[in-house]
C-alpha cells in the first residue's frame, strides 16, 4: 500500500520520532510504513488521519485499486 | 507535556523489566529444584515437591508477564514477535521430532535430552527476531 506519510511529515517539519511519539508507536514502525514495508492497522491509520487533518484515503492509496 | 509515546515507552520498559525479573526467578527456581535435590536436601520428597510447585508458580508468573509484554508492544513489534514465534514453533516441532527419531533409531549414541530442544528454541527465536527486525528496518 502506497502512502504520503513521508511527504506529510516533511510538510509539517516532523521527525519520524516525533510522529511516532504523536501516534503512540515506535520509530521503527513509522519508518517501515513510510517505506511501504508494513501496512498500519485501521486504528493507527485513523490516528494519522486525525493528526494530519486528512481522510485515510488522502494518506493511503490501495495499489490494487482500479 | 508527557506524550503518548513517552508513556508507551515507560510502560514497555516496565513490562520488559518485569518479564526479565520473572524469567530470572523461573530459571533460578529451576536450578534450585534441579541441584538442590541433589546437593541441599538429599532428594527429600516433600522439599522436592515444594520447590517443583514454586518452580511451576514462577513459570506461570513468567507466562503472565510475557503476555503483558506482548500487549505493550506496538503493532509492528507484535507482528515481528508473532512471526518469530511461528518460526520457532515450527523449528521446535520439526527439529525436536527429528532429533527424537535420531535417538529412537539409535543413529546418535547419546539421549535426545529436552535441554537440547530448549536451546534450539532459544536460538531459533533470537535468530527469527533478528531476521524479522532487519526486514522491517
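Any read-out appearing in this document is the output of simple, stated calculations on the displayed coordinates, not a laboratory observation. Because the structure is a prediction, the values reported are computed rather than measured. For neighbour counting, all protein chains shown are included, and Cβ atoms are generated from backbone atoms with ideal geometry for every residue, glycine included.
From the alpha carbon centroid of region B:19-62 to that of region B:64-137 is 23 Å. Short-range pairs are left out: with C-alpha atoms under 8 Å and at least six residues apart, the relative contact order of chain B is 24 percent. Based on C-alpha pairs under 8 angstrom that are at least 6 apart in sequence, region A:2-55 has a relative contact order of 31 percent. Partner shielding of A:17-28 amounts to 5, given as the average count of beta-carbon atoms from other chains within 10 Å of each residue beta-carbon. Using a 10 angstrom cutoff on alpha carbons, build the Gaussian network for chain B and name the most mobile of B:62, B:82, B:45. Greatest mean-square fluctuation among the candidates belongs to B:45.
Helix-only arithmetic for chain B: the sum of -39500 (n - 2.57) across DSSP H runs with n ≥ 4, divided by the residue total, places the mean residue ellipticity at 222 nm at -30000 deg cm²/dmol. Compute the long axis of helix B:45-71 from its Cα atoms, compare it with the longest principal axis of the Cα atoms of chain B, and write down the angle in degrees, 0 to 90, nearest 10. Relative to chain B, helix B:45-71 is tipped by roughly 20 degrees.
Inside 10 Å of the C-beta atoms of B:78-84, what's the mean count of C-beta atoms belonging to other chains?
Details: counts 0, 4, 3, 0, 0, 0, 0.
Mean shielding count: 1.
Kindly state, to the nearest 0.05, the FRET efficiency for residue B:127 paired with residue B:99, given R0 = 25 Å and r defined as their beta-carbon distance. Approximately 0.90, to the nearest 0.05.
Using only helices, what value at 222 nm comes out for chain A when you add -39,500 (n - 2.57) per DSSP H run of length 4 or more and divide by the total residues, to the nearest 500 deg cm²/dmol?
Details: 5 runs with 38 residues, N = 66.
So the calculated ellipticity at 222 nm is -15000 deg cm²/dmol.
Using only alpha carbon pairs under 8 Å that are at least six residues apart, calculate the relative contact order of region B:1-72 and give it in whole percent.
Relative contact order for region B:1-72 comes out at 47 percent.
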